[in-house]
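FYI, it's all coordinate maths here, none of it is from the lab. Everything numeric here is computed off the predicted structure, so don't read it as measured data. As a convention, Cβ positions derive from the backbone with ideal geometry for all residues, glycine included, and neighbour counts pool all protein chains shown.
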């Protein structure tokens, strides 16, 4: 759990980082992320700011367009990537991306 907090600390310095385990790739997203060649992998996005504004998810089983998501909502959990190129982008907020390998 402590390693997750390191993602936030490193982010304050503008450095992109990722936690990789046998089962997951976890990273903090500030505005956009592209997933290439991840077809069939499960993707969960957890809002870690009060709100995430204009969230878009493309290339997944459950795409979203310009949705406002608040911390604690479960709308963005357990999605599945279905295209060779999937993309997440938003205007404001932060999300924790958890990609099941």
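Some observations on this one:
- Members of region 54-68 found to be part of a strand (DSSP E or B) and touching a residue at least 24 places away in the same chain (Cβ under 8 Å), listed by number: 54, 55, 56, 57, 58, 60
- Only a single item in (1) surrounded by 17 or more Cβ atoms within 10 Å (Cβ to Cβ); (2) under 26 Å from residue 3 (Cβ atoms) is not met by residue 64, and it is number (2).
- Residue check: residue 3 meets all listed conditions (1) surrounded by fewer than 15 Cβ atoms within 10 Å (Cβ to Cβ); (2) touching a helix residue (DSSP H, G or I) at 6+ places or on another chain (Cβ under 6 Å) but one, namely (2).
- Test: residue 43 is within 10 Å of the chain's Cα centre (by Cα) and either outside any loop (DSSP other than H, G, I, E, B) or buried (at least 16 other Cβ atoms within 10 Å of the Cβ) (or both): yes
- Scan region 6-40 for residues that are crowded, with 18+ Cβ neighbours inside 10 Å and assigned to a loop (DSSP other than H, G, I, E, B) and the total you get is 1.
- Any hit, region 27-48, residues being within 12 Å of residue 99 (Cα to Cα) and in contact with a helix residue (DSSP H, G or I) (Cβ under 9 Å, 6 or more places away or on another chain): yes
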